Amino acid sequence: MIATKRAYDPSEPSDGYRVLIDRIWPRGLSKARADVDAWEKNIAPSEELRKWYQHDPSKWKEFKSRYLRELRAPAARAVLDDLVRRARHGRVTLVYASRAAEISNASVLEQKLARRLSE
(Lines give C-alpha, C1' and ligand atoms only; values in the text may rest on other atoms or scores of the structure.)
Protein backbone atom coordinates (compact mmCIF):
# COMPACT_ATOMS: atom_id res chain seq x y z
CA MET A 1 0.00 0.00 0.00
CA ILE A 2 1.20 3.50 -0.86
CA ALA A 3 0.30 6.57 1.19
CA THR A 4 1.50 10.16 1.34
CA LYS A 5 2.09 12.37 4.33
CA ARG A 6 3.46 15.82 4.89
CA ALA A 7 6.87 15.82 6.60
CA TYR A 8 5.63 18.20 9.29
CA ASP A 9 2.81 15.86 10.36
CA PRO A 10 3.66 13.49 13.22
CA SER A 11 4.80 10.03 12.23
CA GLU A 12 2.71 7.05 13.30
CA PRO A 13 3.54 3.35 13.53
CA SER A 14 0.88 2.72 10.86
CA ASP A 15 2.98 4.75 8.37
CA GLY A 16 5.17 1.71 7.80
CA TYR A 17 8.27 2.45 5.72
CA ARG A 18 8.65 6.23 5.57
CA VAL A 19 10.63 7.67 2.68
CA LEU A 20 11.41 11.34 2.11
CA ILE A 21 10.94 12.08 -1.59
CA ASP A 22 12.22 15.68 -1.74
CA ARG A 23 15.65 16.76 -2.97
CA ILE A 24 15.98 19.37 -0.21
CA TRP A 25 15.53 18.58 3.49
CA PRO A 26 12.29 20.14 4.85
CA ARG A 27 13.03 23.53 6.38
CA GLY A 28 13.07 23.61 10.18
CA LEU A 29 12.50 19.86 10.58
CA SER A 30 14.91 17.83 12.66
CA LYS A 31 15.93 14.38 11.48
CA ALA A 32 14.48 12.89 14.68
CA ARG A 33 11.10 14.55 14.14
CA ALA A 34 11.04 13.59 10.46
CA ASP A 35 11.42 9.94 11.47
CA VAL A 36 12.14 8.69 7.94
CA ASP A 37 13.63 5.33 7.06
CA ALA A 38 15.21 6.66 3.87
CA TRP A 39 15.80 9.86 1.96
CA GLU A 40 15.54 9.02 -1.73
CA LYS A 41 16.83 12.01 -3.69
CA ASN A 42 16.98 9.85 -6.84
CA ILE A 43 13.19 10.03 -7.17
CA ALA A 44 12.92 13.72 -6.36
CA PRO A 45 12.47 16.21 -9.20
CA SER A 46 15.78 17.57 -10.47
CA GLU A 47 16.97 20.91 -9.19
CA GLU A 48 16.28 22.44 -12.61
CA LEU A 49 12.74 21.08 -12.76
CA ARG A 50 11.99 22.11 -9.19
CA LYS A 51 13.17 25.67 -9.79
CA TRP A 52 11.27 25.93 -13.08
CA TYR A 53 8.02 24.61 -11.61
CA GLN A 54 7.82 26.44 -8.25
CA HIS A 55 4.40 24.85 -7.66
CA ASP A 56 2.79 27.09 -10.26
CA PRO A 57 -0.60 25.45 -10.98
CA SER A 58 -0.46 26.65 -14.59
CA LYS A 59 2.70 24.54 -15.08
CA TRP A 60 1.30 21.38 -13.43
CA LYS A 61 0.62 19.40 -16.60
CA GLU A 62 4.06 20.10 -18.05
CA PHE A 63 5.74 19.46 -14.68
CA LYS A 64 4.07 16.07 -14.44
CA SER A 65 5.20 15.13 -17.94
CA ARG A 66 8.81 16.24 -17.35
CA TYR A 67 8.94 14.57 -13.94
CA LEU A 68 7.68 11.25 -15.30
CA ARG A 69 10.47 11.42 -17.90
CA GLU A 70 13.02 11.97 -15.13
CA LEU A 71 11.68 8.92 -13.29
CA ARG A 72 12.78 6.75 -16.24
CA ALA A 73 16.44 7.20 -15.26
CA PRO A 74 18.09 3.97 -14.05
CA ALA A 75 18.75 5.30 -10.53
CA ALA A 76 15.13 6.40 -10.15
CA ARG A 77 13.81 3.12 -11.53
CA ALA A 78 15.85 1.17 -8.99
CA VAL A 79 14.32 3.15 -6.12
CA LEU A 80 10.81 2.78 -7.57
CA ASP A 81 11.31 -0.98 -7.92
CA ASP A 82 12.35 -1.17 -4.26
CA LEU A 83 9.33 0.87 -3.13
CA VAL A 84 6.95 -1.34 -5.13
CA ARG A 85 8.53 -4.43 -3.56
CA ARG A 86 8.14 -2.95 -0.07
CA ALA A 87 4.54 -1.84 -0.77
CA ARG A 88 3.59 -5.38 -1.74
CA HIS A 89 4.46 -6.47 1.81
CA GLY A 90 3.38 -3.46 3.86
CA ARG A 91 2.65 0.22 3.88
CA VAL A 92 5.03 2.72 2.27
CA THR A 93 4.50 6.37 3.13
CA LEU A 94 5.90 8.97 0.77
CA VAL A 95 6.96 11.93 2.92
CA TYR A 96 7.07 15.39 1.34
CA ALA A 97 7.27 19.05 2.44
CA SER A 98 4.97 20.80 -0.03
CA ARG A 99 1.82 22.51 1.18
CA ALA A 100 0.15 21.77 -2.16
CA ALA A 101 0.14 17.97 -2.19
CA GLU A 102 -2.26 17.67 -5.12
CA ILE A 103 0.20 19.43 -7.44
CA SER A 104 3.43 18.01 -6.04
CA ASN A 105 5.85 15.23 -6.87
CA ALA A 106 4.17 13.22 -4.09
CA SER A 107 0.95 13.09 -6.10
CA VAL A 108 2.78 11.94 -9.24
CA LEU A 109 4.74 9.28 -7.35
CA GLU A 110 1.70 8.00 -5.50
CA GLN A 111 -0.18 7.51 -8.78
CA LYS A 112 2.80 5.92 -10.53
CA LEU A 113 3.47 3.47 -7.71
CA ALA A 114 -0.24 2.61 -7.35
CA ARG A 115 -0.37 1.75 -11.07
CA ARG A 116 2.69 -0.46 -10.75
CA LEU A 117 1.20 -2.22 -7.73
CA SER A 118 -1.96 -3.02 -9.67
CA GLU A 119 -0.04 -4.69 -12.54
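The values are calculated or read from the model by the stated rules, or taken from the named source; none is laboratory data. Please read all numbers here as calculations on a predicted model, not as lab measurements. Ideal geometry is used to build each Cβ from the backbone, glycine not excepted, and the neighbour counts take in all protein chains shown. Keep in mind that these areas ignore ligands, DNA and RNA; they rest on the heavy atoms of the full protein, side chains included. Shrake-Rupley method; radii C 1.70, N 1.55, O 1.52, S 1.80 Å.
Points worth noting:
- Here the stretch 16-92 exposes an accessible surface that is 49 percent carbon and sulfur, computed with a 1.4 Å probe and the other protein chains kept in place.
- Each of (1) 1.00; (2) 1.42; (3) 1.16 is a candidate for Cα Rg over 2.2 N^0.38 Å; the one calculated from this structure is (1).
- Residue-averaged [θ]222 nm for the chain, counting only DSSP H segments that reach four residues, each worth -39500 (n - 2.57): -12500 deg cm²/dmol
- This model, with +1 at the C-beta of Lys and Arg and -1 at the C-beta of Asp and Glu, gives the chain a dipole about its Cα centre of some 220 debye.
- Positive-end extreme of charge dipole, the stretch 1-91 - chosen from 38, 75, 2 (charges on Cβ): 75
- Amide H partners (placed H, <5 Å) of residue 3, local residues excluded: 92, 93, 94
- Surface accessible to a 1.4 Å probe, residue 19 within the full protein complex, Å²: 0 Å²
- Area accessible to solvent at residue 35, 1.4 Å probe radius, in Å²: 70 Å²
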